[in-house]
There are 2 protein chains.
Amino acid sequence: MSDTSATQNTYPYQNEPRWSRSEKALARKVFDAALKRELQQVIREAKQMANQITEPANLWELERYLSERRKDIDRRYDFRSSRLTRVFGTLLCERRISEEELRGLGEDKMKAIRSSAKVLSEDAA
Amino acid sequence: MSDTSATQNTYPYQNEPRWSRSEKALARKVFDAALKRELQQVIREAKQMANQITEPANLWELERYLSERRKDIDRRYDFRSSRLTRVFGTLLCERRISEEELRGLGEDKMKAIRSSAKVLSEDAA
């Protein structure tokens, strides 16, 4: 009962599943691998854009691209427990991770992640 | 006499020399050439930095470099008559233009430009 007020204070995350230590470890591994892949993709893209610079406007396009990618990556990769199902839902929706990689998580997390991915893919459609 | 209040309103630029049409045309040519050289230098530097990216931190260094160069160039290249002697003083101090290129300007402008360059080089020392 003493939990009630604390739970209310954490709204809207009161329904987030609790992550066990091993689930957290798996989550961290998948999270880091996805982040690494995404950053490698930005590196490749930035090198290609830089190679193709022929005029000053291209410089500021590269600056804007990097700035947007940095902010977007900062926003999407949030390892707090209260955000993890949403984070993985987004990555799944974007096909940056596969369900296969998440094998080992409890069915409660998988269900929340799939549900989040589904909502996002419907929003994007 | 009716000029007095208008002149006071333009402080601290009330002592700026008046630029003739031919001086303005020369100034524009020198200004544009210096800006072009500086932008070409940023392009070369950005391409080199991009080529050397090996890790994510390098991406954000490139972003910061581009952002700082853009703001610095925007700030320094100001073609308003009231700023021109200061702008050319800065470019002369930075050795981005030569006195030779400015040949054709009246001695009043040359004196103001040299004086501005001298102050800036003393500040930088």
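The values are calculated or read from the model by the stated rules, or taken from the named source; none is laboratory data. These numbers were taken from a predicted model, which means no experiment stands behind them. Cβ coordinates were reconstructed from backbone atoms using ideal geometry, including for glycine residues, and neighbour counts include every protein chain displayed. Only protein heavy atoms, including side chains, enter the accessible area calculation; ligands, DNA and RNA are left aside. Shrake-Rupley method; radii C 1.70, N 1.55, O 1.52, S 1.80 Å.
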Exercise for review: Report the label-to-label distance for B:Ser81 and A:Tyr65 in nanometres (one decimal), using points 7 Å from each Cα along the Cα→Cβ vector.
Suggested key: 4.3
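Based on Cβ point charges of +1 for Lys and Arg and -1 for Asp and Glu, what charge dipole magnitude is obtained for chain B about its Cα centre, in debye rounded to the nearest 20?
Working: 25 positive and 21 negative charges, 82 e Å.
Rounded to the nearest 20 debye, it is 400 debye.
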Revision key, fill the gap. Here D for the stretch B:72-125, in µm²/s, from Stokes-Einstein with a Kirkwood Rh over Cα pairs at 10 °C and 1.306 mPa s, works out to 142
**Study point:** Per-copy distances of the B:Arg75 label point, shortest first, in nm (7 angstrom along Cα→Cβ)
**Key:** 2.8
Point to revise | Spatially proximal lysines relative to A:Lys111 (Cα-Cα < 24 Å; intrachain offsets below 8 disregarded) | key: A:Lys24, A:Lys29
Point to revise | Axis-nearest residue of A (beta carbon) for the A-onto-B rotation, whole Å | key: A:Ala50, 2
Practice item. For n ≥ 4 DSSP H runs only, could you compute -39500 (n - 2.57) per run for the protein assembly as shown, divide by its residues and tell me the 222 nm figure to the nearest 500? Key: -23500 deg cm²/dmol
Practice item. Sort shortest first the distances from B:Asp108 to its counterpart in every other copy, using label points 7 Å along the Cα-to-beta-carbon line, and give them in nm. Key: 8.3
Practice item. Mind jotting down the three principal axis lengths of the protein assembly as shown based on Cα atoms? Whole angstrom, largest first. Key: 83, 44, 41
Check your understanding: Along the charge dipole of chain A, Cβ charges K/R +1 and D/E -1, which of A:Ser22, A:Val119, A:Leu59 sits furthest on the positive end?
Key -> A:Ser22
Review point. Once both labels are modelled 7 Å past Cα along the beta-carbon direction, what's the A:Asp74-A:Lys118 spacing in nm?
Key: 3.4
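Shielding by partners for B:56-62, please: the mean number of other protein chain Cβ atoms within 10 Å of each residue's Cβ. If you can, show how the numbers build up before the last one.
Numbers: counts 9, 1, 2, 10, 4, 1, 6.
Per residue, the average neighbour count from other chains is 5.
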Practice item. Could you provide, to the nearest whole Å², the per residue accessible area of chain A with probe 1.4 Å? Key: 64
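Chain B: D in µm²/s via Stokes-Einstein (Kirkwood Rh, Cα pairs, 20 °C, 1.002 mPa s)?
Working: Rh = 16.5 Å.
The estimated diffusion coefficient comes to 130 µm²/s.
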